Amino acid sequence: MTSKQPVQYYGLKEFADIAKEEGMYYSTRQLSVYKGRDKLPEPTVMIGDKAGWTKDQIDEWIKQIKEKKSERNK
């Protein structure tokens, strides 16, 4: 029997850290505002008032933002 790896969720701090690794600098405050304006993906999980996203969700959001910026710079 194989054991399934637990899903890891990332909060706003980790979201900002992952974006920073990709050269995108967002503060947790900026991301919080974006979340309130529905400019971030829908969180996969909510624990109390804390949102959690999967790495795949964050990576996809970063990819979309980079594509939009690239299109604007053409």
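Here, each number is a calculation from the coordinates, and none is a lab measurement. Fair warning: this is a prediction, and the values are worked out from it, not measured in the lab. Backbone-built Cβ (ideal geometry, glycine too); neighbour counts: all protein chains shown.
Can you show me the helix-derived [θ] at 222 nm for the chain, built from DSSP H runs with n ≥ 4 at -39,500 (n - 2.57) apiece and divided by the number of residues, rounded to the nearest 500.
-15500 deg cm²/dmol
In degrees, nearest 10, range 0 to 90: what is the angle between the Cα axis of helix 55-72 and the longest Cα principal axis of the chain?
10
Between Lys13 and Val45, what length comes free when the chain is fully extended (0.36 nm per residue of separation minus the Cα-Cα distance, one decimal in nm)?
The Lys13-Val45 span can extend by a further 10.0 nm.
Cross-link candidates for Lys50: which lysines have Cα within less than 17 Å, leaving aside residues fewer than 8 places away along the same chain?
Lys13, Lys35, Lys39
Could you work out how far apart the two model spin labels at Glu67 and Lys20 are, taking each label as a point 7 Å from the Cα in the direction of the beta carbon, and quote it in nm?
Result: 2.7 nm between the two label points.
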